[in-house]
Structures are given as structure tokens and as C-alpha cells.
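Chemist: Please find one structure pasted underneath; my questions will follow.
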Amino acid sequence: MFSGSKSKAKSPSGPSPGKKDTPSKVVKPSYSRPVGLGDAPTEFYKWFKEADKDKDGVVNGNEAIDFFSRSRLPQPTLAKVWALSDKRRTGVLDLEDFVVSMKLISLAQAGKPISSEVVRNLDKEKDLDFPQLVGINISGSIDPPPNKSPSGKVNTKVAPKMSVKNVNSLQDGLCKLYMKHVRPLEEKFAFNIFHAPLMKPQDFAAKPAVMMLGQYSVGKTSFIKYLLGDQYPSAVIGPEPTTDRFVVVSHSHISKTTPGNALAVSADKPYGGLAKFGQKF
């Protein structure tokens, strides 16, 4: 039932003489229960306002962590409650989503599984118990969640894999981390056979390389000559196919040509993975 003032009914003969006919004032109806609450207990609305610390009408992630942790449920379970309640993936919970989260917490505390199918059938759940929340409807203490410090701030510190005292540079540190943690996994699962060759120390010290591919006589060698300001050794420019293999152009204080097979097996060059192509490099 809507609340508001009622205007007096007019007589069938029209307005009374000497009185002006003033339109009745429109009064917006006031609801006794928020629409998003549905058929849930009114306590859930009070809890929603309690969880909404900044009073912006929604419960954000940090507010949910503080309030949900009162249930004493494990962190993975609470993360699942959040994911199932935030159906629109907005990163916040409105009142309707919050009601869903309270029902899921109640089910989880009763030892029942929670899933997306359970959310779709929540209306069919009857005689749900109230969630047991420390400081809300039960007494006790709340242990800090694993991903938060006692001060309430999210702990973003990650323990270093190695001390900076054991590395000489960023490249050296990346190389040591790869050799210690990543390469053993690549060797175990034959990563070098199915995807890419195993990396070597010289790969981490290598300079960035630019690959140029194209049909013959479209100007690749001429473009490289323009960039370098000079013609590199063994470069030939002509209308016929001249460069029919891979050529690496790198910096050197003297002009020289190194055979491809020697370059592929060189310990200080990052081209070991090309050795399988033989003399065509």
C-alpha cells in the first residue's frame, strides 16, 4: 500500500463558485521495504548498510572482505561467494547481490555446496538459517584473512626468489631465475620439442633483433642499406633473386662475414636454435 495525502473529490456539478480549481500535488510513494531485498529478512538490509562503510549504496571488494570474514569461512569459499554473487561482474554488490551472498554464506556454513546452479535455485531454498556473523549476531573474535594484514590493508609483498646480492645485473638475475626454476620444467615436459628451443645465457644478453621478410626485388637490402648508411658485406642489389637465405646484420668495429654454421654454434651469440636449419643460414 502506498502512503501519501488524498485530494478531496470534486462534485459532479463542477468546481464551487468563487474557488479556483488547483491541481492535486503528486506524492511519490514510499516503500516500506527496499525492492532489492525481495522476500529476504529485513535484517539483511541492516547488514547491507553495515557493510557499506563509505555509504555509496554498494559493497565493494574491501568492504566485502571485512564483512564476509565475520562468517569465519575459509578464504577460497568466500572468494567463491563473491564470484557467484557478483553476477554482472561489476566489482561491487548491490542490495540484491548482497542478499544472494548472505544466503550462500548460510548454505556454506551448513556444509552444503555452493555453485552457479545453486544460485539459480536459491528461491527454492526454504528455512535457511541466518548466517552466523561475528559481531553481528554472534560473539567472538575474527581471525585476519590470509591475504590481509592485521591492520586491515591488503598484503601485496612477495618474497623475493633470490637476493640482489647474488646477481650482477637484471639480465644476470633473469638468467639465473630461468636456469633454476623455468628450464627444469621445460626439460621435463619437452617444451623445446613442441614449442621453442631451450634458452641459453647468451640469449639473455642478446640485443633486440628486427626481422625483415618479403618477396625478392622489393627493396629489403636497399632499405637496410639506407638505415645503416652503408652496404653490409656480401650484400647484392639487383633485379634478380640475390638474397636467398637468412642474413644477420649486427654491429662490429670491422667489416667481416661469418658463416652461418659458425654463427649458430657460437657460444656468445643467440642463434643456437637455428643450427637445425643447416647450411641455409
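Chemist: Distance cut-off 28 Å, Cα to Cα: go down the list LYS80/LYS188; LYS55/LYS124; LYS55/LYS87; LYS87/LYS112; LYS53/LYS103; LYS46/LYS124 and report the pairs above it.
Modeler: From LYS80/LYS188; LYS55/LYS124; LYS55/LYS87; LYS87/LYS112; LYS53/LYS103; LYS46/LYS124, over 28 Å: LYS80/LYS188; LYS55/LYS124.
Chemist: If you don't mind, another one. Go through 120-131, 81-92 and give me the packing order, highest mean Cβ count within 10 Å leading.
Modeler: By packing density, highest mean first, the sequence is 81-92, 120-131.
Chemist: Taking R0 as 30 Å, what's the FRET efficiency between ALA110 and THR42 from their Cβ-Cβ distance, rounded to 0.05?
Modeler: 0.85
Chemist: Provide the FRET efficiency to the nearest 0.05 for the SER234-GLN171 pair, computing r from the beta carbons and using R0 = 30 Å.
Modeler: 0.45
Chemist: Starting with the highest mean, order 227-234, 210-217, 196-203 by the number of other Cβ atoms within 10 Å, averaged over the residues of each peptide.
Modeler: 196-203, 227-234, 210-217
Chemist: How much length is gained on full extension from ARG89 to PHE223, taking 0.36 nm per residue of separation minus their Cα-Cα distance?
Modeler: 43.3 nm
Chemist: At 0.36 nm per residue, minus the direct Cα-Cα distance, what do LYS256 and ASN60 gain on full extension? Give it in nm, one decimal, please.
Modeler: Taking 0.36 nm per residue and subtracting the Cα distance, the gain is 64.1 nm.
Chemist: Moving on to the next point. Enter the accessible area of PHE68 (Å², nearest 10), with the probe set to 1.4 Å and all protein chains included.
Modeler: Near enough 10 Å² of accessible area.
The values are calculated or read from the model by the stated rules, or taken from the named source; none is laboratory data. Since the model is a prediction, treat every value here as computed from it, not as a measurement. Methodologically, a virtual Cβ is constructed for each residue, glycine included, from the backbone with ideal geometry; neighbour enumeration extends over all protein chains shown. These area figures cover heavy atoms from the full protein model, side chains too; ligands, DNA and RNA do not enter into them. Shrake-Rupley method; radii C 1.70, N 1.55, O 1.52, S 1.80 Å.
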